[in-house]
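Inspection log for the structure reproduced underneath, given as structure tokens.
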Amino acid sequence: MACLRGASALRHVSGGLRRAALNLLTAVQWNEDFVAESWKVLSSTRKTRFNEIEYHLPPDNADDVIGEILTLIETRHPDVWFPIEVRQTAGDTAWLSPFQHGARVSVAVHRHAKQRFARFFADCEAIFRAAAGRPHWGKLHGLARTDLETLYPDLPNFDALRARMDPQGRFLSPALAALFAP
């Protein structure tokens with residue numbers, strides 16, 4: 001992370017120098033391309049604390065969204081130095097799955113825990129939403145109940161099942177109650 005932070009600091013000297021340093025760091029990285037169970041692929045030790053927003057996009061929109069996020073970082077948020085995480089996941093049929101009805105490309109952006117993230121994440125979320133992105137449920141997002149109703153056609157089925165299985169709402173935090181207890 002120190003190398004990334006240092007490359008980002010070069011923006012104060014020259015944008016081109018910053019880009020060259022980041023390209024060099026990218027060139028010496030190894031590619032991670034493998035298939036396995038999700039708990040093997042997605043688990044890793046994270047020693048650096050950070051905040052994260054992640055959206056899952058239709059594959060046809062992903063390249064354009066990544067380009068827009070990179071432009072956003074270069075023009076409005078040049079102090080962002082965390083890498084962007086991208087992966088593709090097959091579709092499924094789960095009611096509240098971001099992968100319902102087809103494969104999705106997941107794009108995650110991060111900010112160091114000590115850095116302000118709200119404005120950057122709001123800017124990214126606007127791009128993700130315009131591209132029909134769906135949020136990662138375990139990460140930061142700014143969606144309200146009405147947003148979810150348009151993204152998840154089976155939300156009423158989930159509501160009915162949740163109400164039947166947890167009629168007292170004991171498993172709903174205040175944040176979840178705002179989303180799932182209309």
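Throughout, read-outs are computed from the coordinates displayed, never taken from laboratory work. Note that the structure is a prediction, hence the values are computed from the model and not measured. FYI the Cβ positions are ideal-geometry reconstructions off the backbone, even for glycines, and counts take in every protein chain you see.
What the table shows:
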| read-out | value |
| --- | --- |
| Whole-number percent relative contact order across the stretch 51-139, with pairs defined as alpha carbons under 8 Å at least 6 apart | 47 |
| Unit charges at the beta carbon, dipole of the stretch 101-164: most positive-side option, Ala131, Thr150, Gln115 | Gln115 |
| Ordering of 161-167, 136-142, 60-66 by burial proxy (mean other Cβ atoms within 10 Å per residue, highest first) | 60-66, 136-142, 161-167 |
| Packing rank of 84-94, 116-126, where each peptide gets the mean count of other beta carbons within 10 Å, highest leading | 116-126, 84-94 |
